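Visitor: This is the structure I want to talk about, given as structure tokens.
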Amino acid sequence: MIYVDGTLIQDESCSSSLSSSSQGSSLLLDVMSHPVIISASGSFKNLEERNVSFGERDLESSTKDRYVYVFQSEFAVVNPALVDFVGTDEATTCVGLVIRNRKSGMTSIAHMDSPKIVDLGLSQMLSLVLEDEDADLDVHMVGGYEDVDIKNADGGDYAKPEGYSYPLCCKLVDTFQKRRENFHIQTLFILGHNTKLDAQGNTCPIFNGCLVNTSTGSIFPASFDRTSRCPDEIVRRIRVSSSCEDPSWKGKLLDTYDTKTDRFIIPPCPWTMRLIEYVWEVNQLSDEEILTNCSTSPSAEGPDFVDNSRRVWEYLLKYPEWSKTFPRRQPRVFERTADGHWTKC
């Protein structure tokens, strides 16, 4: 069930003859056009983006803030007693989704990249957030810019959208409405709310990421650099690709953070020679060709997209046998240090 400003949102299209996808479109547009959501989007847009860098954050402060960062296709549930901030970025057509229990402060964050992982992914996210069925859950969505024009068709039906952002956002809102939990939508900085034109006239996102204060529930636009996208950046990026070939992860978000122990535990993720062969081929491409062939939004990617891709591919080409990365098939475990950083066990 969806609430906005404490009021239950009724989906009037559910009893009509509209298709399921049309119902989702109708609901999404209704919620996005709600005055409270429009006002919240305007306020979020005016916030200054926070740039998170572990190399600089402690130079002028004795406070050792504790962060958890999630990559594409990952999720994490954090306890505010152990973690101060959670965040994600690099979202263009993806959506950074935050669900926070108002009472306990338990906060779940995910980087959703496909409608196919929404159903199981939401169940994973809620596994440690719900204390009871009537818990009030605050919801924030950031990302998923308007990569295509969205127009209503004549006769009250909704045109089937192309692109990536719109179907994902539709699926998320529609699934919230169909579940029995109480979802209070606080931020929907997606689609038109999160879209601007670049110097060449291409649409691109205003913000690519978000950061949440787990104690207060406050959310801010944010970007992270290589030092704060951690721990184990390269292996976790590889895991996103290798999981696509693993049927056991079909329809699921990747789980790398252990809530109870405040550790990152990256399970073994075998990669195949087919992936290595593919990587060798794409690594021969020019930077422009990599953007065109490897991104859902070539004109909207960050300046480090190609560099990040090549670093991943070079690692795979250097270590084609996954067992070198996971000796004896054991997970890679990282513990938090006294200064809030991570060290491999």
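The values are calculated or read from the model by the stated rules, or taken from the named source; none is laboratory data. Fair warning: this is a prediction, and the values are worked out from it, not measured in the lab. FYI the Cβ positions are ideal-geometry reconstructions off the backbone, even for glycines, and counts take in every protein chain you see. Side chains included, ligands, DNA and RNA excluded: accessible areas come from the protein's heavy atoms. Shrake-Rupley method; radii C 1.70, N 1.55, O 1.52, S 1.80 Å.
Visitor: So which residues in the range 225-234 are in contact with a Ser or Thr (Cβ under 6 Å, 6 or more places away or on another chain) and not acidic (Asp, Glu)? Reasoning before the result, please.
Guide: Here is the first cut: in the range 225-234, the residues in contact with a Ser or Thr (Cβ under 6 Å, 6 or more places away or on another chain) are 225, 227-228.
Within the range 225-234, 227, 228 meet the criteria.
Visitor: Restricting to the range 22-38, count the residues that are modelled with pLDDT under 95 and open to solvent by 80 Å² or more (accessible area, probe 1.4 Å).
Guide: So the answer is 1.
Visitor: I would also like to ask the following. What is the number of the single condition among (1) touching a Leu at 6+ places or on another chain (Cβ under 6 Å); (2) assigned to a strand (DSSP E or B); (3) β-branched (Val, Ile, Thr) that residue 265 does not meet?
Guide: That leaves (1) as the condition not met.
Visitor: Do the conditions hold for residue 48, that is, is it modelled with pLDDT of 95 or more, surrounded by fewer than 19 Cβ atoms within 10 Å (Cβ to Cβ) and closer than 16 Å to residue 222 by Cβ? So that I can check it myself, show each step before the final result.
Guide: On the way: modelled with pLDDT of 95 or more: yes; surrounded by fewer than 19 Cβ atoms within 10 Å (Cβ to Cβ): yes; closer than 16 Å to residue 222 by Cβ: yes.
Yes: the conditions hold for residue 48.
Visitor: On the basis of being touching a Lys or Arg at 6+ places or on another chain (Cβ under 6 Å), more than 30 Å from residue 39 (Cβ to Cβ) and assigned to a loop (DSSP other than H, G, I, E, B), does residue 230 make the cut? Reasoning before the result, please.
Guide: On the way: touching a Lys or Arg at 6+ places or on another chain (Cβ under 6 Å): no; more than 30 Å from residue 39 (Cβ to Cβ): yes; assigned to a loop (DSSP other than H, G, I, E, B): yes.
So residue 230 does not fit the description; no.
Visitor: Another question, if that's okay. Considering only residues of the range 208-224 that are more than 17 Å from residue 189 (Cβ to Cβ) and out of contact with any Ser or Thr (no Cβ under 6 Å at 6 or more places or on another chain), which is surrounded by the fewest Cβ atoms within 10 Å (Cβ to Cβ)?
Guide: Taking the range 208-224 as the starting set, the residues that turn out to be more than 17 Å from residue 189 (Cβ to Cβ) are 214-216, 224.
Filter once more, keeping what is out of contact with any Ser or Thr (no Cβ under 6 Å at 6 or more places or on another chain): 215-216, 224.
Working: 215: 13, 216: 10, 224: 22.
Per the criteria, the residue is 216.
Visitor: Within the range 258-285, work out how many residues are open to solvent by less than 10 Å² (accessible area, probe 1.4 Å) and touching a residue at least 60 places away in the same chain (Cβ under 8 Å).
Guide: So the answer is 2.
Visitor: A follow-up question, please. I'd like the residue in the range 296-344 that is without any contact (Cβ under 8 Å) to a residue 60 or more places away in the chain and in a loop (DSSP other than H, G, I, E, B) and, out of all such residues, is surrounded by the fewest Cβ atoms within 10 Å (Cβ to Cβ).
Guide: 303
Visitor: Just for the range 67-105: of the residues that are under 13 Å from the mean Cα position of the chain (by Cα) and of a type in the set (Asp, Glu), which one is farthest from residue 215 (Cα to Cα)?
Guide: Among those residues, the one meeting the criterion is 90.
Visitor: Quick check, is residue 41 open to solvent by less than 20 Å² (accessible area, probe 1.4 Å), touching a Phe, Trp or Tyr at 6+ places or on another chain (Cβ under 6 Å) and at pLDDT below 95?
Guide: Numbers: open to solvent by less than 20 Å² (accessible area, probe 1.4 Å): yes; touching a Phe, Trp or Tyr at 6+ places or on another chain (Cβ under 6 Å): yes; at pLDDT below 95: no.
In short, no.
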